[in-house]
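A short worksheet on the structure shown next.
Where a number appears in this text, it was derived from the coordinates with a stated rule and is not lab data. Because the structure is predicted, anything quoted here is derived from the model rather than measured. Every residue, glycine as well, gets a Cβ built from its backbone with ideal geometry; the counts of neighbours run over all protein chains shown.
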Amino acid sequence: MSPRTIVFAAGGTAGHIEPALAVAKEWKRRFPSDDCVFMGTPEGLENTLVPQSGFVLHNISKVPMPRRIDLHLLTFPYQFWRSVRQARTIADGASLIIGFGGYVCASAYLAGKAKGIPLVIHDSNAKIGWANRLGSYFTSNLAVSRAVQSTRFTRATVTGLPLRSDVHDAITRSEHDWASARIHAKVAMGWNATAPTVLILGGSQGSHWLNNEVASVLPELLTMNIAILHAVGAKNALPESSGNYRGVSYITDMASAYLAADLIISRSGAVTCSEVEALGRFALFIPLPIGNGEQALNAENLVNADRAIVLPQKTFTGKWLVSHLPTVLERALKSPLNGLSDDRESVRKIANMMESAMKKEGM
């Protein structure tokens, strides 16, 4: 078989990029001679994550969809079609384009349609983004992490969300004895094996708002008989660790952190929710109050299984945390020790869909 070029369109946040990277690694495992290249924008997290994973990244101009009538609305058509032309150059000669969401995908899909390149689309969110909704008119090769009840993705194949290799491996190690796995993870994280533990996450870039709320009540949190690991994000100031509180910019061993935590406090991005489903015990989610509302829906599986609480940002404050943390943690400690879901087959299912899409087009 002659080497082929597969274009992965994914940009902006880890929620789009991490699943794309997982599938790209599976594709290279199957077809080592194929060339997997990424299409992104200059501002996104892909500029860090993609090169770190050993893949080539080509950027196009970022063109956000205008949300109000202003100068951006007037210039949008020109800027958008410029980005489509850039995407066509990157996609020239490609055998397949697969998109995972983000601004870059709309241009990638239009470029693929114009050049007759087969398209595959995966959406990890409970509410489909506008770029993937647009792309769904150009292909029937649609996949979702969880079933959705609206838009053309109602008929999409449910594949689960592609997991990072460390999370995938942690499920395999833990599934035979979750209790021992969680104790081992606490020891690996430097925590007391019997003390209640809380993991606070602000997302891949960190949440300035969440960090500030935690910092405002840190003296009160230090008086509680719990261990706290707070990942503030690379772009935020690192707080001073003291007593049972440890602040870090970034957690390298996220699988162990999920396993060790009795309670996870976080935004409810699609990747975070899937990783919590796979390895976590209980979560308190504060959805990001902007975007198209997908974060408020991503945690539904966990809420329905009584493994999570979703709280609006306007309700969550430092004072609320101090007042309600003992009750929430008590509920968390009563939750099952096992993970809730298993998405280990997702990369295989998506890669199979990619192969099928190319065979249908004779690629």
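Relative to one another, the C-alpha centroids of segment 220-281 and segment 321-344 are positioned 13 Å apart. For segment 287-359, a crude dipole built from +1 on the beta carbon of Lys and Arg and -1 on the beta carbon of Asp and Glu, taken about the Cα centre, is about 140 debye to the nearest 20. Taken about its Cα centre, the chain carries a charge dipole of about 960 debye when Lys and Arg each add +1 at the Cβ and Asp and Glu each add -1 at the Cβ.
Taking a ≥ b ≥ c as the square roots of the eigenvalues of the Cα gyration tensor, segment 234-344 is classed as rounded, since a/c falls below 1.5.
Straight-distance candidates among the lysines for linking to Lys334, with alpha-carbon spacing under 22 Å and chain neighbours fewer than 8 residues away dropped: Lys186. Using only the C-alpha atoms, the convex hull of segment 300-363 corresponds to 140 Å³ per residue.
The GNM of the chain, with springs linking C-alpha atoms under 10 angstrom apart, assigns the highest mean-square fluctuation among Ile117, Ile17, Ile350 to Ile117.
Taking Leu279, Leu163, Leu329 in turn, the Gaussian network model of the chain (Cα-Cα springs below 10 Å) assigns the largest fluctuation to Leu329. Which of rounded, prolate or oblate describes segment 71-132 when judged by the alpha-carbon gyration tensor and an a/c cut-off of 1.5? Oblate is the answer for segment 71-132, as a/c is 1.5 or above yet b/c matches or exceeds a/b. Take 233-244, 260-271, 50-61 and order them by the average number of nearby Cβ atoms within 10 Å per residue, most first; the result is 260-271, 50-61, 233-244.
Using a Debye calculation, one point per C-alpha and no hydration shell, please list log10 I(q)/I(0) for the chain at q = 0.10, 0.11 Å⁻¹ in order. Per q value, in the given order, log10 I(q)/I(0) is -0.63, -0.76.
Cross-link reach is defined here as a Cα-Cα straight distance under 14 Å, omitting same-chain residues fewer than 8 places apart; for Lys28 the aspartates and glutamates meeting it are Glu355. Could you tell me how far the Cα centroid of segment 91-139 sits from the Cα centroid of segment 154-217, in Å? Measuring centre to centre over Cα atoms gives 30 Å. Dividing the summed helix terms, -39500 (n - 2.57) for each DSSP H run of n ≥ 4, by the number of residues in the chain produces a 222 nm estimate of -13000 deg cm²/dmol to the nearest 500. Each Cα pair under 8 Å and six or more residues apart adds its separation to the average, and for segment 205-298 the resulting relative contact order is 20 percent. Taking every Cα-Cα distance in segment 60-165 and sorting them into 5 Å bins from zero, the calculated P(r) comes out as 2, 13, 22, 21, 17, 15, 8, 2, 0 percent.
What order do you get for 34-42, 353-361 when each peptide is scored by the mean count of other beta carbon atoms within 10 Å, highest first?
Most protected by this proxy first, the peptides run 34-42, 353-361.
Modelled label positions at Thr252 and Ser140, each set 7 Å beyond Cα in the direction of Cβ, lie 4.8 nm from each other. Once the gyration tensor of the Cα atoms in segment 165-333 is diagonalised, the equivalent ellipsoid follows with semi-axes of 22, 20, 16 Å, ordered largest first. Comparing Ser249, Ser136, Ser124 in a Gaussian network model of the chain, where Cα atoms under 10 Å apart are tied by springs, the biggest mean-square fluctuation is seen for Ser249. Protection proxy ranking, highest mean first, for peptides 101-108, 8-15: 101-108, 8-15, where packing is the per-residue count of other beta-carbon atoms within 10 Å, averaged.
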